[in-house]
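Taking it in order: structure first as structure tokens, then the write-up.
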2 protein chains.
Amino acid sequence: MPRVTLHDVALEAGVSDSTVSRALRGLDKVDEGTRAKVKDAARELRFSFSRNASSLASGKTMRLALLFSDALNTWFDSSVLQGAYEVLSPAGYDIIPSTVSTDFELNSFLNRLPYDGNVDGVIVCSINLDTAQSKALKKLTIPVVGLDSRTIDGFDASVLMDDDTAMDDAVGLLQGLGHQRIAFVGWPAPGDFRFSSQLRAGAFMKAAKRLGFDDGSVARIDLGKMNDYRSPDDALSAAAARLLALDPRPTGICVEVDGFAVPLIAELKRFGVRVPEDMSVIGFDDTDVAAAVEMTTVHQNPVEMSRLAARKVLALMRGQTLDEAHSVLRPMLIPRKTTGPIL
Amino acid sequence: MPRVTLHDVALEAGVSDSTVSRALRGLDKVDEGTRAKVKDAARELRFSFSRNASSLASGKTMRLALLFSDALNTWFDSSVLQGAYEVLSPAGYDIIPSTVSTDFELNSFLNRLPYDGNVDGVIVCSINLDTAQSKALKKLTIPVVGLDSRTIDGFDASVLMDDDTAMDDAVGLLQGLGHQRIAFVGWPAPGDFRFSSQLRAGAFMKAAKRLGFDDGSVARIDLGKMNDYRSPDDALSAAAARLLALDPRPTGICVEVDGFAVPLIAELKRFGVRVPEDMSVIGFDDTDVAAAVEMTTVHQNPVEMSRLAARKVLALMRGQTLDEAHSVLRPMLIPRKTTGPIL
DNA sequence: TTGTAAGCGTTATCAA
DNA sequence: TTGATAACGCTTACAA
């Protein structure tokens, strides 16, 4: 099956190559009559552009890279994929996902980028860059937007969640329900990175302080990295054990992500701790699972966040300037059945 | 930031362009001394290949298209993305997801493909092709593998689940628990397509017959398409209402997908039907949500299926032949807490 | 409004 | 083992 080229269409339509190019790309300064003729020929021959050739000639690749630090089938990452696809695909862009799980991989990615020319833009997801990495980004000629990153440094644009306010809401709910002793349970992240973990734990401590909890009544459980455990179940047991060992034992906890909070509740039950009678639990994300078990959680919408980020790269790739380069979204606390008053 | 080209490296290393190309691609017939020299120059200049130029010259794009009929952030599709990424990325391939939701879109995709030359292969996911479409595929010069499709017609290779056996297991469990009246609840699929719905409904009816249920004791609820409803909640209410209207009312049901089964259970509870006391429910997929609510379901592993499919395209793209082009995987019934004996 | 021709950055063929 | 040189399929000045 020999490739049908622009030239074939030109021959068929009886015009020059450049006219075909112009006609098919919808440029002006083309007689509508010839355009119709060309389109007919193209349709008949089933012509479609070689993106490679177009890219090579024009310098635009019409491709965008999405960089993740976790698996593509996680709730957050797959939502980002979908959101980005929704806005980029109609604009004619292909999206190309990649993942990195170590700083080494991240650095290779970042180092290759500036000289690479294989994509027109990048969305970087849930990755916190260090100073050197941010600096590397600044040298790029293609736009890079950060999504769910800690800082906006180095990014041409970004979309972040306001974790502080969310945490105020969450801790505020526990306080309002009468809880005096509270704790934060960090999620053992996969890979080398610390994600936003440190962020949420820090936000929790700040919120607690702001709301008047004293040091003795606030605990923080840091479980390290997932790789430190033989299995996710082990991490879960560790979390439950450490929680119950706390003295005084907290009656209200925030768990960094829903995906860890839901099985933790089951694990707690196994230890004889009822939720919410003995302990109130608040998660973060509002995934399907959280909704299914009616867990109180902090809702965020990564599809929407990603659409916004994609609109930003798109504008930047088109050479436009953004009126608001850096957006901060407000997550929303959804009280459900895993939080209750002190009995 | 001017692009660093192969030529720049050649200049730096004091050799010809072609030598750089050969050296960097690891081809033989290159003196190891010069190769080292070239590599040094490349590293120093931070050179990386332009995929576009390589593709144009070589005819290989090193890109693979993934075609879905549903959103990228669904459980199944995102798992496929991840599985494919795991095997194709190390092999140097980029993966490019696209979605189609109408037959028209599907046809445009298929028609463009053969003359397109923008990808080296395609994985088609959960899409049932009609005869004309299968025929169109056969003309392609790039390999196309089907994943979770109804038939293997037109595909160079495929990975399917054995829905029949799974259904035998599911219906068998209900029967074993003493249920005399059973029903299948179809999931109102989004978009134009019917996915594997018809397949599972059909498999259910067959399994029931095989196990000795007579026509009067088996019901099948077809809810049409999601687009027919104002909201997913409406579809849910419709399902529950139709179920309860059944006379005699079934005591055991199979629901096409977990994602519909879980909220349906909640809806049933609202109607005063307890699960499993009044009605046993079996789902399909074994998603996180199913596990979280301890629902009996039929487990399948789309990440693993996708890895297998990806290995197949990869081999085909490399011109190898497959010893087993078409694989059928066996799903597994996981009994949990939504099924119980007749009380 | 249309055509000519020079790239774009590689690979591949053929000589050397 | 290396080096010219002609593709690859398109875009884009510039000329007509």
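Can you find a residue in the stretch B:45-62 that is under 26 Å from B:VAL303 (Cα atoms) and out of contact with any strand residue (DSSP E or B) (no Cβ under 6 Å at 6 or more places or on another chain)? For the stretch B:45-62, residues under 26 Å from B:VAL303 (Cα atoms) and out of contact with any strand residue (DSSP E or B) (no Cβ under 6 Å at 6 or more places or on another chain): present. Within the option set A:TYR85, A:TYR93, being in contact with a Pro (Cβ under 7 Å, 6 or more places away or on another chain) and either more than 13 Å from every other protein chain (Cβ to nearest Cβ) or at negative phi (or both) holds for one residue only, A:TYR85. No other residue among A:THR297, A:THR251 is touching a residue at least 24 places away in the same chain (Cβ under 8 Å), under 25 Å from B:LEU72 (Cβ atoms) and of a type in the set (Ser, Thr, Tyr) apart from A:THR297. The number of residues in the stretch A:28-51 that are within 30 Å of A:VAL145 (Cα to Cα) and either of a type in the set (A, V, I, L, M) or within 7 Å of DNA strand D (Cβ to nearest atom) (or both) comes to 2. Does B:ALA290 fit the bill of being buried (at least 22 other Cβ atoms within 10 Å of the Cβ) and touching a Ser or Thr at 6+ places or on another chain (Cβ under 7 Å)? Yes. Residues that are of a type in the set (D, E, K, R) and under 16 Å from B:LEU147 (Cα atoms) within the stretch B:313-343 comprise B:GLU324, B:ARG330, listed in sequence order. Regarding A:ALA157, is this residue surrounded by 23 or more Cβ atoms within 10 Å (Cβ to Cβ) and either in contact with a helix residue (DSSP H, G or I) (Cβ under 8 Å, 6 or more places away or on another chain) or in the same structural domain as A:ASP214 (by TED's automatic domain parsing) (or both)? For A:ALA157, the condition - surrounded by 23 or more Cβ atoms within 10 Å (Cβ to Cβ) and either in contact with a helix residue (DSSP H, G or I) (Cβ under 8 Å, 6 or more places away or on another chain) or in the same structural domain as A:ASP214 (by TED's automatic domain parsing) (or both) - is met.
Just one of the listed residues (B:ARG311, B:ARG318, B:ARG274, B:ARG307) is closer than 23 Å to B:SER217 by Cα, of a type in the set (Lys, Arg) and either assigned by TED's automatic domain parsing to the domain that holds B:TRP75 or without any contact (Cβ under 8 Å) to a residue 24 or more places away in the chain (or both), and it is B:ARG274. Here is the figure for the stretch B:309-343: residues that are hydrophobic (A, V, I, L, M, F, W, C), under 24 Å from B:ASP163 (Cβ atoms) and crowded, with 20+ Cβ neighbours inside 10 Å total 4.
Being more than 8 Å from chain B (Cβ to nearest Cβ) and under 39 Å from the mean Cα position of the chain (by Cα) narrows it down to one residue among A:VAL100, A:VAL38; which is it?
Details: A:VAL38 fails: under 39 Å from the mean Cα position of the chain (by Cα).
Exactly one residue qualifies, and that residue is A:VAL100.
Considering only residues in the stretch B:52-102 that are within 16 Å of DNA strand D (Cβ to nearest atom) and not hydrophobic (A, V, I, L, M, F, W, C), the one that is nearest to A:ALA65 (Cα to Cα) turns out to be B:ARG63. In the stretch B:64-93, the residue that is nearest to A:SER101 (Cα to Cα) out of those that are of a type in the set (D, E, K, R) and modelled with pLDDT of 95 or more is B:GLU86.
Residues that are buried (at least 21 other Cβ atoms within 10 Å of the Cβ) and away from DNA strand C (no atom under 16 Å from the Cβ) number at least 3 in the following helices (runs of 4 or more DSSP H) confined to the stretch B:21-107: B:75-88. Residue pairs whose Cβ atoms lie under 9 Å apart, separated by 6 or more positions or on different chains, with the first residue in the stretch A:14-26 and under 17 Å from A:SER50 (Cα atoms) and within 14 Å of another protein chain (Cβ to nearest Cβ) and the second more than 6 Å from DNA strand D (Cβ to nearest atom) and of a type in the set (A, V, I, L, M, F, W, C), are A:LEU24/A:VAL9; A:LEU24/A:VAL38; A:LEU24/A:ALA42; A:LEU24/A:PHE47. Could you say whether any residue in the stretch A:124-137 is over 19 Å from A:SER149 (Cα atoms) and buried (at least 22 other Cβ atoms within 10 Å of the Cβ)? For the stretch A:124-137, residues over 19 Å from A:SER149 (Cα atoms) and buried (at least 22 other Cβ atoms within 10 Å of the Cβ): absent. Filter the stretch B:1-20 down to residues that are near DNA strand C (Cβ under 7 Å from one of its atoms) and in a helix (DSSP H, G or I) and give me whichever is surrounded by the most Cβ atoms within 10 Å (Cβ to Cβ). Out of the qualifying residues, it is B:LEU6. For the stretch A:94-143, give me each residue that is under 17 Å from A:SER158 (Cα atoms) and either touching a residue at least 40 places away in the same chain (Cβ under 8 Å) or in contact with a strand residue (DSSP E or B) (Cβ under 6 Å, 6 or more places away or on another chain) (or both). Matches in the stretch A:94-143: A:ASP120, A:GLY121, A:VAL122, A:ILE123, A:VAL124, A:CYS125, A:SER126, A:ILE127, A:ASN128, A:LEU137, A:ILE142, A:PRO143. Whenever a residue of the stretch B:65-79 is under 14 Å from A:ASP288 (Cβ atoms), its partners that are buried (at least 22 other Cβ atoms within 10 Å of the Cβ) and hydrophobic (A, V, I, L, M, F, W, C), lying with C-beta atoms within less than 8 angstrom and at least six residues away or across chains, give the pairs B:ASN73/A:TRP75; B:ASN73/A:LEU81; B:PHE76/B:CYS125; B:SER78/A:LEU72; B:SER78/A:LEU81; B:SER78/B:LEU72.
The values are calculated or read from the model by the stated rules, or taken from the named source; none is laboratory data. Note that this is a predicted model, so its numbers are computed, not measured. Glycine gets a Cβ as well: all are built from the backbone with ideal geometry, and neighbour counts include every protein chain shown.
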